[in-house]
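Here's the structure we're looking at; comments come further down.
Every number in this text was worked out from the coordinates using simple rules, so none of it is lab data. Please read these numbers as outputs of a predicted model, since none were measured by experiment. In this analysis, Cβ positions are derived from the backbone assuming ideal geometry, glycine residues included, and neighbour counts consider all displayed protein chains.
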Amino acid sequence: MATVLYNIGQLLTMDHQDGPVRGQDMNELKVYEDYGLLIEDGKVSQIGSSDQIKNLPADHKIDCEGRLVTPGIVEPHTHLVFGGSREHEMALKQQGVPYLDILKQGGGILSTVRATRETSAEELYKKAMFHLDRMASYGITTVEAKSGYGMDHETELKQLRVANKAGSDHPIDVVSTFLGAHAITEEYKDDPEALLDKMAAMFPTIKEEGLAEFVDIFTETGVFTVDQSRRYLQQAKEYGFNVKLHADEIDPLGGTQLAVELGATSGDHLAVATDEGIQQLASSNTIGVLLPGTIFYLGKGEFARARDMIEAGAIIAISTDFNPGSSVTENIQLIMSLAALKMQMTPEEIWHAVTTNAAYAINRGEVAGKLKVGRQADLVIWDAPNYKYIPYHYGVNHVNTVFKAGCKLYERGGLHG
């Protein structure tokens, strides 16, 4: 099966540099105008001028009518599998009820834990597939999915198995992360070390069943300390897992530095990373995954210092942090706008942050985030004339058509074959 895309107004291949893109290089973007590409057997087989490509033999030919075409978006930080929802908490937040008081009333993350424990694997799977469909409609073709709403053996394994089944059944590629150390449940409030031991005891089963590639932990005041996180993640590394951290989201505890120390694939949030943390991040290969939607939704705190990180030479990605409590959106395009408006990232930096760098943040840099001859054809045709338009025109969905491995994953229509 062969498909030709021609009359592409702007084509971003993101294939102008090997490896992740750091610092000031994120502001350099190669743009191909009036281009086309040929997809054969699910892979990109040719890229060239529109005149060169459009007359090639193919089963299907699509006139892109001057639209923007980019690689499929890579989503490096989500909490895909969870039970229930928490819309009733919005009114409490608007009234200024502190989060700890919401927790005391049975809300917050503990309500999601309770709902996830009570929801069957079948229902969790159905819900996850719904959210993957919605992500696809926004141009996402690869997604990371964390557990973390069980914090007991049974529910954590249930979440991971659901994520893996969803990844097997849905066209979107799903990369799983074990986040059993996501919070401290009521039964462990006086002994968080015991909870970490319980979660670490799951490492052999998770590794044996191939349920997760990464182990993550929430390093924060009132959750797990830097020392606790170090011990736990070192154990994870001994079992062969790659590691990530929820780091420096609320209080600057040094989670960014710990991520660098451990050689973590990514340190995520980093909203209050210190000057020292930023410098260490910039001197490492750890990727900073910034989550502006969380700060936006909660309505408090500072947005991550993306400009300082980039100017220091760090590798930056961005993500929705899709979850039921602090960033309830699958709309990565909205996050791109927030990155521009609230973190002063340029359009060029933003595109690196949602393609190449996001792919490397989940160890998919060699298969996702670029359009390159020989690679799987994951791409988006946008209802936009140029790459700057997407973060500029916020709050709507600009996707026209999404291809995953050369097959249409989502189509709004309007293109002529």
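Remarks
- Whole-number D in µm²/s for the range 258-299 (Stokes-Einstein; Kirkwood sum over Cα pairs; 37 °C, 0.692 mPa s): 304
- Judged by the ratio a/c of the largest to the smallest principal axis of the C-alpha gyration tensor, the range 119-165 counts as prolate, that ratio being 1.5 or greater while a/b is larger than b/c.
- Within the chain, antiparallel bridges make up roughly 45 percent of the DSSP beta bridges whose residues both belong there.
- Footprinting exposure proxy ranking of GLU156, GLU302, GLU65, fewest other C-beta atoms within 10 angstrom first, gives GLU302, GLU65, GLU156.
- Directionally averaged shadow of the range 263-417, computed from the convex hull of its alpha-carbon atoms, nm²: 10.1
- For GLY395, neighbours were defined as the other residues whose beta-carbon sits under 15 Å from its Cβ, and their charges (Lys and Arg +1, Asp and Glu -1) total -1.
- Projected-area average for the chain over all orientations - Cα convex hull basis, square nanometres: 18.6
- Dimensionless Rg over Rh [the range 199-351; C-alpha; Kirkwood]: 0.97
- Note on the chain: helix-only mean residue ellipticity at 222 nm, from DSSP H runs of 4+ residues weighted -39500 (n - 2.57) and normalised by residue number, equals -10000 deg cm²/dmol.
- With both residues required to sit in the range 1-158, DSSP beta bridges show an antiparallel share near 60%.
- Residues LYS372, LYS408 arranged by fewest to most Cβ contacts within 10 Å: LYS408, LYS372
- Per the Kirkwood formula applied to alpha carbons, the range 1-94 shows a radius of gyration over Rh ratio, Rg over Rh, of 1.20.
- Packing-based ranking, highest mean first, of 229-237, 355-363 given that Cβ atoms within 10 Å are counted: 355-363, 229-237
- Per-residue HN-Hα couplings for the range 315-324 [Karplus 6.51, -1.76, 1.60; θ = phi - 60°; Hz; x = Gly/Pro]: 9, 10, 10, 10, 7, 6, 6, 3, 6, x
- Selection among PHE130, ALA304, LEU233 by position relative to the dipole of the chain gives PHE130 as farthest towards the positive end (Cβ unit charges, Cα centre).
- For the chain, built as a Gaussian network whose Cα springs stay under 10 Å, the top-fluctuating residue of THR221, THR205, THR155: THR205
- Nearest-0.05 FRET efficiency for GLN52 and GLU261, computed from C-beta distance (R0 60 Å): 0.75
- Average projection area in nm² (convex hull over Cα atoms of the range 104-192, one quarter of hull surface): 6.2
- Cβ crowding within 10 Å, taken as a proxy for footprinting-reagent exposure, orders VAL367, VAL354, VAL174 from fewest neighbours to most as VAL367, VAL174, VAL354.
- For ILE362, no residue 5 or more places off, or on another chain, has a built amide H under 5 Å of its own.
- Among the listed pairs LYS93/LYS300; LYS61/LYS404; LYS146/LYS189, those whose Cα-Cα separation exceeds 20 Å are LYS146/LYS189.
- Cα centroid separation, the range 185-256 to the range 281-344 (Å): 22
- Crossing angle, helix 121-137 versus the chain [Cα axis fit, 0-90 degrees, rounded to tens]: 40
- DSSP bridge orientation in the range 141-222 - percent antiparallel, rounded to nearest 5: 0
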